[in-house]
There are 2 protein chains.
Amino acid sequence: MGEAMTIPLSTGKRAQSKAANRQCILEAARSVFARIGYEATTVRDIIRETNLAAGTFYNYFKSKEEVFEAISDESAARFRPLLKDVRARADGFEEFICGAYRAYFQFLADENAEALDKGAPHVALIGVRVDTPEMQAVFEEIRMDIERMIDPDEAPQLDSEYLTAAAIGIARELGDHMLARSPVDVEMATTFASSLLIAGLKGLPDPS
Amino acid sequence: MGEAMTIPLSTGKRAQSKAANRQCILEAARSVFARIGYEATTVRDIIRETNLAAGTFYNYFKSKEEVFEAISDESAARFRPLLKDVRARADGFEEFICGAYRAYFQFLADENAEALDKGAPHVALIGVRVDTPEMQAVFEEIRMDIERMIDPDEAPQLDSEYLTAAAIGIARELGDHMLARSPVDVEMATTFASSLLIAGLKGLPDPS
DNA sequence: TTAAAAGTTGACGCAGCGTCATTTTTCCGG
DNA sequence: CCGGAAAAATGACGCTGCGTCAACTTTTAA
């Protein structure tokens, strides 16, 4: 009877409630951040929204900053498969860029849908930006996509890091302004961003 | 003898020390932010760095957030004349864009010079972005410059808000990556950003 | 069945908050 | 130059949120 021992992979009651508590805290935090804004939120506010004790919070996160980081990381993790899908379907660089921008702007609109319904004024006023592992992974993926998809004849000495940074900078800033307009027009933002980047690419090389 | 009464314009001891105290607080805040990071900083930390009493701080600012906003606003205010200069010298759109990017990247490099010498790791880790009046003014100025300088034949239905947003997004994200490289190369970032934007412009219209 | 390991709890001491009655400094008309 | 009024600075005070930890409960596995 000494065959395959039970592999202890998240089957126990322990692991179950651990994951549940973690999710509970994250959800509570999302709710409070959305209601009163990130800066104003205290760890106690988050705890109150759960039915956990103060001490328990600190078994999961060190601070509200860490909670925020986890939320951001999770967001990026949810976005990653969408990007993967775009990559799979896209035939050529231009299609990829267009699809990636559309995916991002749509994602942004969806994520902020509820926050936009209720008047959450803090959305743009104070912006906290974190750089999580998942986000770095997204950056790196896009950089590799760019390197792979761009015809090396057109841009021999391309600085893919800068180009990726520029593409993401456009996405972020344009995304903010897109959300500020009513109604939110994902297609328009997509067209604008992709046209700009694709045409801009042709001006780049400067092989001095 | 009843001629010109002393114009009460910041000549008194009162106004002098008021300005001095304000500057003192701002400088202390800059120092603490740079040393231990924005999030970790407390109002008390800032006060300790000055020789003012706790209560005095609140005569000038409501919170550390407001201090940060003032610092950011001041930065933007310092940048504005540089941009004005670029505008005055520039002949045509392309020269303006190029000059504006150079001015920004140089400004960024200068401002972060000391922070880069000492290893200030928080520079990129947690980024807090505020939107101050001066910053909005810079945005609006650039938007107007763009509207004025772009040949209406080339881009009849240009969305100048989106274009400005894109230009600024490129500047911000590219700026971060420029600072992360050693040595910091302002000219390279300038060339990259302006080439991209200027060429990108030609792809924009999409007059559907 | 049981004992050790893992996890939860909430009260506690402490630090930072913003206020405000009091004191100090500056201003200005006489 | 004086004196009182206005402006500004002071720091002690009450309060709130912080992170910890010894005691307690639940889960695990032998």
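What are the residues in region B:51-72 that are in contact with a Lys or Arg (Cβ under 9 Å, 6 or more places away or on another chain), among the hydroxyl-bearing types (Ser, Thr, Tyr) and within 8 Å of DNA strand D (Cβ to nearest atom), if any? Hit for region B:51-72 is B:Tyr60, nothing else.
Of the candidates A:Ala180, A:Ala199, the single residue that is on the phi < 0 side of the Ramachandran plot and more than 7 Å from chain B (Cβ to nearest Cβ) is A:Ala180.
So, of the residues in region B:137-164 that are part of a helix (DSSP H, G or I) and without any contact (Cβ under 8 Å) to a residue 24 or more places away in the chain, which turns out to be farthest from the other protein chains (Cβ to nearest Cβ)? Among residues in region B:137-164 that are part of a helix (DSSP H, G or I) and without any contact (Cβ under 8 Å) to a residue 24 or more places away in the chain, the one farthest from the other protein chains (Cβ to nearest Cβ) is B:Arg148.
Considering the conditions (1) away from DNA strand C (no atom under 16 Å from the Cβ); (2) modelled with pLDDT under 95; (3) more than 18 Å from B:Phe107 (Cβ to Cβ), B:Ala34 is excluded by exactly one of them, (3). I'm checking my understanding of the structure. Among residues of region A:60-88 that are free of Cβ contacts under 8 Å to residues at least 24 places away in the same chain and within 15 Å of DNA strand C (Cβ to nearest atom), which one is surrounded by the most Cβ atoms within 10 Å (Cβ to Cβ)? Top of the filtered list is A:Ser63. When restricted to residues that are buried (at least 23 other Cβ atoms within 10 Å of the Cβ) and touching a Gly at 6+ places or on another chain (Cβ under 8 Å), region A:174-200 contains 5.
In this structure, A:Phe107 does not qualify as over 14 Å from A:Asp145 (Cβ atoms), modelled with pLDDT of 95 or more, more than 16 Å from DNA strand C (Cβ to nearest atom) and within 14 Å of chain B (Cβ to nearest Cβ).
For A:Thr42, the conditions (1) near DNA strand D (Cβ under 8 Å from one of its atoms); (2) more than 14 Å from chain B (Cβ to nearest Cβ); (3) under 24 Å from B:Lys64 (Cβ atoms); (4) of a type outside the set (Asp, Glu) are fulfilled apart from (2). Per the conditions (1) within 16 Å of DNA strand C (Cβ to nearest atom); (2) at pLDDT below 95; (3) assigned to a loop (DSSP other than H, G, I, E, B), the sole criterion not satisfied by A:Met5 is (1). For A:Phe107, the conditions (1) over 16 Å from A:Thr190 (Cβ atoms); (2) outside any loop (DSSP other than H, G, I, E, B) all hold with the exception of (1).
The values are calculated or read from the model by the stated rules, or taken from the named source; none is laboratory data. In this text the structure is predicted, and so the values were computed from the model without any measurement. Cβ atoms come from the backbone with ideal geometry, glycine included; neighbour counts cover every protein chain shown.
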